[in-house]
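What follows is a single structure, written as structure tokens, with notes after it.
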Amino acid sequence: MAIYVKSDNTFEQAESVSRECPHCGAHAQLIPIATPSFEAIRSASPRQVGIAFRCAACNEPRFGRAAVRSIGTASVELSSNIIEVERARQRFPYSYLPPAVERIFREALQCYSADCHNAFASMCRRTVQTAIADLGSNARLEWFELYKDVVNIGEIDEATAQVLETVLFGVDGPVPEIGTDHAAVLVEMIKDMAYQCYVRTSKLRAAMRMRRYFAEEASGKITSLDRHRAESA
Ligand SMILES: [Zn+2]
């Protein structure tokens with residue numbers, strides 16, 4: 001389904017386009033707000049044009065490019081394949097990670113968002129190595145268990161699991177080359193592993209501390225002054 005810019009500069013888009021928004025994270029419609037002028041396209045004959053949209057969910061601007069298919073006297077035909085200039089960022093509660101792991105992991109997810117899949121794979125191996133260095137001697141085994149969990153729960157096929165195991169835990173060889181498919185599995189895998197290792201652990205411990213605190217308070221083991229201190233901490 002093509003997009004048309006008519007000679008009176010009206011913009012005809014037969015089908016609406018929805019994409020994940022890099023600002024609000026919603027899968028929302030792109031509403032065109034600034035479209036290329038018919039005369040400008042006719043005089044410059046560009047191969048591609050830029051279109052500004054707004055996100056239907058949060059109203060933030062979104063920018064896209066579309067290929068020019070044909071330039072006629074009544075209308076210009078554009079490809080409906082809108083290539084977004086700004087990519088959706090991967091979300092993660094980074095504040096739970098130790099600073100060294102956070103720095104590497106942020107960069108890893110930025111590589112994924114930029115479609116640099118092999119850079120992403122290398123940064124995933126570094127993320128695992130940094131987490132293991134941070135956590136100490138048993139951490140390698142723990143991270144391997146997290147990896148096996150994702151393979152089982154996600155029902156990842158053996159060939160893919162093998163490649164991703166080498167990406168994450170390989171020690172005596174380079175990181176294998178990966179493509180879009182492997183990267184798509186790897187991004188969910190590494191996010192889940194980091195979540196289970198750091199976020200789940202600290203949320204669970206904090207929740208248990210609070211439960212025990214209130215249980216002790218109810219049984220009269222601590223005074224209200226202690227409670228005031230705990231709440232302001
Ligand atoms: Zn949005």
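Some notes on this structure:
- Taking segment 11-23 as the range and being surrounded by 13 or more Cβ atoms within 10 Å (Cβ to Cβ) and either under 26 Å from the mean Cα position of the chain (by Cα) or among the aliphatic types (A, V, I, L, M) (or both) as the test, the residues that pass are VAL17, SER18, ARG19, GLU20, CYS21, PRO22, HIS23.
- Taken over segment 113-142, the criterion of being touching a Leu at 6+ places or on another chain (Cβ under 8 Å) and closer than 22 Å to PRO174 by Cα is satisfied by PHE120, ALA121, CYS124, ARG125, VAL128.
- Unmet criterion (only one of (1) within 13 Å of the ligand (Cβ to nearest atom); (2) more than 30 Å from GLN129 (Cβ to Cβ)) for ARG89: (2)
- Filtered by the rule that a residue be in contact (Cβ under 8 Å) with a residue 24 or more places away in the chain and not aromatic (Phe, Trp, Tyr), segment 116-132 gives HIS117, ASN118, ALA121, SER122, CYS124, ARG125, THR127, VAL128, THR130, ALA131.
- Enumeration of residues in segment 25-68 that are touching a strand residue (DSSP E or B) at 6+ places or on another chain (Cβ under 7 Å), over 20 Å from TYR4 (Cβ atoms) and touching a residue at least 40 places away in the same chain (Cβ under 8 Å): ARG62
- Qualifying residues in segment 78-127 (those that are in contact with a strand residue (DSSP E or B) (Cβ under 9 Å, 6 or more places away or on another chain) and among the aliphatic types (A, V, I, L, M)) - the one nearest to VAL187 (Cα to Cα): ALA88
Every residue, every condition in (1) under 15 Å from the mean Cα position of the chain (by Cα); (2) buried (at least 20 other Cβ atoms within 10 Å of the Cβ); (3) under 18 Å from ALA108 (Cα atoms), yes or no:
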position: ILE178; (1), (2), (3): no, yes, yes
position: GLN196; (1), (2), (3): no, no, yes
position: VAL199; (1), (2), (3): no, no, yes
position: SER202; (1), (2), (3): no, no, no
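- Just one of the listed residues (THR160, THR180, THR166) is out of contact with any helix residue (DSSP H, G or I) (no Cβ under 7 Å at 6 or more places or on another chain) and among the polar types (S, T, N, Q), namely THR166.
- Pairs where the first residue, in segment 138-159, is free of Cβ contacts under 8 Å to residues at least 40 places away in the same chain and the second is hydrophobic (A, V, I, L, M, F, W, C), C-beta under 7 Å, 6+ apart: ALA139/ALA131; ALA139/ILE132; ARG140/ILE132; PHE144/PHE169; VAL151/ALA161; ILE156/VAL185
- Failed criterion for ALA57 (all others in (1) at pLDDT 95 or above; (2) hydrophobic (A, V, I, L, M, F, W, C); (3) surrounded by 17 or more Cβ atoms within 10 Å (Cβ to Cβ) hold): (3)
Conditions (1) out of contact with any Phe, Trp or Tyr (no Cβ under 8 Å at 6 or more places or on another chain); (2) more than 16 Å from the ligand (Cβ to nearest atom), marked per residue:
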residue	(1), (2)
ALA14	yes, yes
GLY25	yes, no
ALA28	yes, no
PRO32	no, no
PHE38	yes, yes
ALA44	yes, yes
ARG54	yes, no
ALA57	yes, no
PHE63	no, no
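The values are calculated or read from the model by the stated rules, or taken from the named source; none is laboratory data. A quick note: this is a predicted structure, and the numbers were derived from the prediction, not measured. Glycine gets a Cβ as well: all are built from the backbone with ideal geometry, and neighbour counts include every protein chain shown.
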